[in-house]
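Structure first, then comments.
The values are calculated or read from the model by the stated rules, or taken from the named source; none is laboratory data. Not measured: the values here are computed from a predicted model. Glycine gets a Cβ as well: all are built from the backbone with ideal geometry, and neighbour counts include every protein chain shown. To get the accessible areas, we keep the full protein, side chains included, count just its heavy atoms, and leave off ligands, DNA and RNA. Shrake-Rupley method; radii C 1.70, N 1.55, O 1.52, S 1.80 Å.
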Amino acid sequence: MRRVSHSMMSNLFLKDMHSSLKRLVDVERRMASQKLYSKPSDNPSEVARGMSVGALVSKNEQFIRNLDDAVTWLKSTETALGQATDLISSVREKAIYAGNGSLSSVDRHAIAEDILVMRDELVQVANSNIQGRYLFSGYETATKAFVKNDDGSVAYRGDSGRIAFEIEQGIVGTVSLNGRDVFPLSFTKREITSVEVPIDFTWRGSSERLLVKVGDKTGEVFLPKRWADNNEDSVSDLTDYDGFLQPGEQLKGYSLDEIAEAINSSDSAGKLVYAKVEKDFLAGTQRLVLESLSGEPLRVSSVPWSENTVRGQMMTSEVVGPAWSAVQDGTISVVMGDGKHYEIGISAGDTLSDVAKALADIPGLWAGERPDGSIAVASDNTEPFFFEASGSAVDLFGVARKSQTVEDSKDINRMGLSSFLGLEVNRKSTFFAPGSVIGDTTANKLDMVLSSGENSVRLVIQDDSDLTLSELADRIKAVAGDWLEVVVQKDSPESNVTDTTSQDSEGASERLVIYTKDGSPLNVYDKEGLWSQTLGLSTARYTSDLSNVEFPTAISAEIPAKIGVEIGSRTYEVKLYRDDVIASDGVHIDPRSFALAVQKQVGSDKLNFDLINSDSGVAFYSATGEPLRIYDLPYADPSLGGITSGLASETGLQTGIIGDWVSAATVTG
């Protein structure tokens, strides 16, 4: 047993005292320095953790400052661009007014002076700054963006940079435009043109949401269904305001001028494009033209309507049979959506027709007897109405009943407006029943190409005997990679709960939608077979088997066959000489030579082609994504009476309806 000596007790006491003094010194040091550790070696792991938290707090504070600067820069830029837009609009109005032939030279001189003043104001706006930092000078924010020279010209002094701020870890946002973005040296006119429609054209489709994309900017145009849903014969009909079209009922629709006005007045799309309608009254046709305001590529697509719109209220009674009559007196108390109260009486012996007539006499209600022995009641009010019944009326409506809301539900048009007008850039298939088999590729090989710019894939399927739309979508995704978006779009069934005989009820359906992720035009065509054409995805014009097509024998080697190639609003006259397109047999047309001759005269930046069906035919498609039409052009010689070579028709490229050959003396009747 060890003995505790005095020296041991003394040493233990001194050790405890020194330890307490050390702790006291550490506490005093922490209080003085406001730091838990004075050096990393005190607690390496805790110090490292604390340093990382401190750095994160510092970064977040910087991100907040960056975000504040970015918002300020964007708001100032938006204000400057708004002022510039107003000035340019004023200059345009002045220039148009100056074209008035009744103005004198003094008047025009005054207009010119006004325009010069507005030009100087525009220079001042272009030199807008935030605390000495010029908005439109690129990275040269200390340099005034535009300077007026002695000769009156305006020079840009900035660079091509765009200011960007890091607003989150790894996320950088560009917040500025340089002077050449806002005021470019040159301007490329870009527009897309619809197909021609009759002068009296009216679009009566479901509600439309047009997506307009110019460069990387997107705008939307809403065209809600203009509901009529009554035959406007001043007679209350059972089916009025039930949300479904019946015989004699129509939608009011939109004219092409109204569609153009809707685009121009849109808060978002109206800043990206200008829409106009070109009319040819002699031919009785018109077409919609959309012009990009920035000169950037322009694309239009119809997208599903995402909102339900209340169209009215409906209520149906119990089915009591056509022979029903009241066995005792009763009442129906009606409370309308606006709070107004009405009460009708029912007498013993009243029929369904009597009750319906009494209900129809209430302002704002339509009522009628149905063939199944029930009563339907409708109102165009968006708020529900209520019935409380007594006596024999309980047989019809129970003790109490509330109307059902009738909505113009979210719907996918079977033919969207942009597709109908030939403006659609997304490729959309025809509709199929959900999960249905769309074909047998073992008996009919699928071989089609999807192409956009530098991206192109060829999809071949010949091993699926019961191919569905979803399976086709998966196969396209597998071969295309990440430049294509492939969606199977589903449309819910629509039926009229109050009238199962309504004309526009729809079953559930689905379709394939394919588009490029960067918004560039997508072309789809068949390399062999007819799959893309059958599915409604094809964008190409196809020739027949050219190995069986002879160059028109009535044309000599010195006279070319003339065909027109129309891409959007531009028409190209193509002249094809026999020696340039003939095959080695000296009789038939060589597909490659024929395609190259056409493309050379139109331009490879506008028209592309591919040889199809074992190189025996050609598929032509627009490189710009605009509608493509090919047709025969008449010879200029009046003595030929407008005759054409018939080459487009013979090769199968002729756009439109083609009749059979008949004798020139044939009377059509």
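Considering all different alpha carbon pairs of segment 317-449, the Kirkwood hydrodynamic radius works out to 18.7 Å. Of the whole protein surface, F432 contributes about 50 Å² of accessible area at a 1.4 Å probe radius. Using 31 Å as the Cα-Cα cut-off, could you pick out the over-long pairs in K271/K517; K445/K490; K517/K562; K225/K445? As for pairs spanning more than 31 Å Cα to Cα, those are K517/K562; K225/K445. Straight Cα distances below 29 angstrom link K22 to the lysines K35, K39, with same-chain residues fewer than 8 positions distant left out.
When the listed pairs K575/K606; K477/K606; K75/K217 are checked against a 23 Å cut-off, the alpha-carbon distance exceeds it for K477/K606. The distance linking segment 437-461 with segment 257-274 is 37 Å (Cα centroid to Cα centroid, whole angstrom). Taking only the Cα atoms of segment 576-645, the ratio Rg/Rh comes out at 1.02, with Rh defined as the Kirkwood radius.
Can you work out the base-10 log of I(q)/I(0) for segment 310-349 at q = 0.18, 0.21, 0.28 1/Å, using the Debye formula on its C-alpha atoms alone? Evaluating at q = 0.18, 0.21, 0.28 Å⁻¹ gives log10 I(q)/I(0) of -0.73, -0.88, -1.06. Qualifying chymotrypsin sites (Phe, Trp or Tyr not before Pro) in segment 138-190, where qualification requires a DSSP coil assignment and no more than 11 other C-beta atoms within 10 Å, comprise F187.
Loop-located GluC sites (Glu not before Pro) in segment 160-229 (DSSP state other than H, G, I, E, B) with a sparse environment of at most 10 neighbouring Cβ atoms within 10 Å are absent. Sites listed here are trypsin sites (Lys or Arg not before Pro) in segment 520-605 whose DSSP assignment is loop and whose Cβ has at most 13 other Cβ atoms within 10 Å, and the list is empty. The alpha carbon convex hull volume per residue for segment 265-380 rounds to 225 Å³.
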